[in-house]
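**Student:** The following block contains the structure, expressed as structure tokens.
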Amino acid sequence: MLRNLKVRDYDFKLIFLVLALAGIGVVAIASAEPSLRNKQLIGVIAGTVVMIVVSLMDYTKILQLYWLIYAGNIVLLLSVIFFGDDAKGAKRWLEIGGLTFQPSELAKILLILFFAQFIIVNKGRLNTLPVLASCLGLIGLPCFLIYLQPDLSTTIVIVVLFCVIMFAGGISLKIVFTLLAVTIPALAIIITLALNPENNILKEYQKDRVLAFINPEEYATQEAYQQLNSLMAIGSGMLDGKGYQNNEITSVKNGNFISETQTDFIFAIIGEEFGFKGCAAVIILWLLVVMECISVARKAKDDAGMLIATGMGGLIAFQGFINIGVATFLLPNTGLPLPFVSYGLTSLLSLFIGMGFVLNVRLQAKK
């Protein structure tokens with residue numbers, strides 16, 4: 001535990017923003033799927049306790065166990081492959097002691113911690129070929145294990161998260177631009193080949209989701225159905241919304257035209273019931289959380305703390321952008337939760353743990 005703590009150094013603003021987002025999530029989930037309200041509320045309470053406990057630990061001492069953190073992450077992901085529970089054609093969950101959780105959500109936080117320390121240990125050699133190759137190998141293994149579940153969306157999140165941490169860690173801009181020059185054309189070729197019916201790079205449902213985004217009219221009753229209805233729900237809310245838990249027969253939610261409203265499309269529920277004002281409130285709170293993480297990163301006492309706060313800010317920013325983009329049909333359907341708002345206890349608790357580390361970095365910030 002940290003010593004000589006001062007209450008004035010605690011980031012109460014970040015706690016308020018996170019709890020405000022989580023509170024909106026509980027309210028929205030109670031409307032989307034009333035039976036899950038109490039579970040989410042318990043998750044928020046438990047997450048808050050865990051966040052406070054983690055914030056009082058010394059992250060510098062925890063990071064000294066970075067190889068143990070990495071090994072534990074790999075063991076959990078391997079356990080999913082061999083012992084995981086199947087659900088909806090995917091094997092992403094582990095059951096331990098009657099509790100079911102999704103290791104890939106915790107992996108995001110563990111990888112932030114691991115690379116925060118790994119980059120510091122190799123700070124002077126980060127731009128050398130051996131260290132860069134090691135970084136690619138170390139991120140490649142967990143990405144491959146998550147992709148096998150299959151969970152392409154989480155794999156993409158972790159790749160983006162890795163890029164953010166490497167950039168913040170001081171990777172040479174020359175290397176960045178060289179990789180972009182190679183990666184962008186390569187991705188264009190891979191996507192073109194992946195959408196070819198004769199190739200198996202993407203699963204059939206993944207191909208359909210991309211094609212539905214490109215040509216929604218053709219897939220209006222299939223893969224684009226969810227997103228089109230989500231867009232209709234958000235638009236129908238107009239400025240003030242139709243009202244919380246309303247009984248209107250014109251409600252997209254009440255007509256059960258959107259599935260997984262408590263997770264992937266929670267933003268549609270907020271838009272329909274609370275209108276533009278509700279959507280704006282969520283987006284503002286989400287952006288303020290990201291900005292506060294960046295502010296903490298700038299004040300961190302060392303580069304490891306800076307990387308932890310930057311990584312958490314990048315995770316919340318990217319995942320939130322993708323979820324809202326899917327709900328508003330700006331992006332293909334991916335199945336990522338909206339941070340602190342969507343239902344999902346593993347995701348919620350993992351994010352609270354991550355915020356605990358950000359608070360910890362702020363407590364030890366430069367004076």
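The values are calculated or read from the model by the stated rules, or taken from the named source; none is laboratory data. Here the structure is a predicted model, which means the values were calculated and not measured. As a convention, Cβ positions derive from the backbone with ideal geometry for all residues, glycine included, and neighbour counts pool all protein chains shown. Side chains included, ligands, DNA and RNA excluded: accessible areas come from the protein's heavy atoms. Shrake-Rupley method; radii C 1.70, N 1.55, O 1.52, S 1.80 Å.
**Student:** Six or more apart or on different chains, Cβ under 9 Å: which pairs go from a residue in segment 122-135 that's under 17 Å from Ile165 (Cβ atoms) and open to solvent by 60 Å² or more (accessible area, probe 1.4 Å) to one that's among the β-branched types (Val, Ile, Thr) and not in a helix (DSSP H, G or I)? Could you list them?
**Tutor:** Pairs that qualify, where the first residue is under 17 Å from Ile165 (Cβ atoms) and open to solvent by 60 Å² or more (accessible area, probe 1.4 Å) and the partner is among the β-branched types (Val, Ile, Thr) and not in a helix (DSSP H, G or I), are Asn127/Ile171.
**Student:** Within segment 77-109, can you find the residues that are aliphatic (A, V, I, L, M) and either surrounded by fewer than 20 Cβ atoms within 10 Å (Cβ to Cβ) or touching a Gly at 6+ places or on another chain (Cβ under 7 Å) (or both)?
**Tutor:** The answer is Leu78, Ile81, Ala87, Ala90, Leu94, Ile96, Leu99, Ile109.
**Student:** Right, something else. Every residue in segment 325-367 that is among the aliphatic types (A, V, I, L, M), open to solvent by 30 Å² or more (accessible area, probe 1.4 Å) and modelled with pLDDT of 90 or more, please.
**Tutor:** Residues satisfying the conditions are Leu345, Leu349, Ile353.
**Student:** May I pose another question? Can you name the residue in segment 138-157 that is in a helix (DSSP H, G or I) and of a type in the set (S, T, N, Q) and is also nearest to Pro103 (Cα to Cα) among such residues?
**Tutor:** In this case the residue turns out to be Thr154.
**Student:** Give segment 161-176 a look and list any residue that's more than 24 Å from Phe321 (Cα to Cα) and of a type in the set (A, V, I, L, M, F, W, C), or say none. Before the answer, list the steps.
**Tutor:** Start the filter on segment 161-176 by keeping residues that are more than 24 Å from Phe321 (Cα to Cα), which leaves 170-175.
The answer is Ile171, Leu173, Ile175.
**Student:** So, one more: Give the residue, chosen from Ile283, Ile316, that is modelled with pLDDT of 95 or more, closer than 21 Å to Gly237 by Cβ, in a helix (DSSP H, G or I) and of a type outside the set (Lys, Arg).
**Tutor:** Exactly one of Ile283, Ile316 is modelled with pLDDT of 95 or more, closer than 21 Å to Gly237 by Cβ, in a helix (DSSP H, G or I) and of a type outside the set (Lys, Arg), namely Ile283.
**Student:** Now, a different point. Take the residues in segment 20-38 that are out of contact with any helix residue (DSSP H, G or I) (no Cβ under 7 Å at 6 or more places or on another chain) and not in a loop (DSSP other than H, G, I, E, B), then tell me which one is least open to solvent (accessible area, probe 1.4 Å). Walk me through how you get there before you give the answer.
**Tutor:** Initially, segment 20-38 is screened for residues out of contact with any helix residue (DSSP H, G or I) (no Cβ under 7 Å at 6 or more places or on another chain), giving 23, 27, 33-35, 38.
Applying the additional criterion that residues be not in a loop (DSSP other than H, G, I, E, B) yields 23, 27, 34-35, 38.
Details: Gly23: 31, Val27: 61, Pro34: 84, Ser35: 86, Asn38: 89 Å².
Looking at residues that are out of contact with any helix residue (DSSP H, G or I) (no Cβ under 7 Å at 6 or more places or on another chain) and not in a loop (DSSP other than H, G, I, E, B), I get Gly23.
**Student:** Say whether the condition of being farther than 23 Å from Ile112 by Cβ and open to solvent by 30 Å² or more (accessible area, probe 1.4 Å) is met by at least one residue in segment 289-304.
**Tutor:** no
**Student:** Of all residues being more than 18 Å from Asn122 (Cβ to Cβ) and free of Cβ contacts under 8 Å to residues at least 40 places away in the same chain in segment 148-171, which is surrounded by the fewest Cβ atoms within 10 Å (Cβ to Cβ)? Just the residue, please.
**Tutor:** Across segment 148-171, the extreme among qualifying residues is Val159.
**Student:** Moving to a separate point now. What single numbered condition from (1) of a type outside the set (S, T, N, Q); (2) touching a helix residue (DSSP H, G or I) at 6+ places or on another chain (Cβ under 8 Å); (3) over 24 Å from Gly320 (Cα atoms); (4) in contact (Cβ under 8 Å) with a residue 60 or more places away in the chain fails to hold for Ile112?
**Tutor:** (3)
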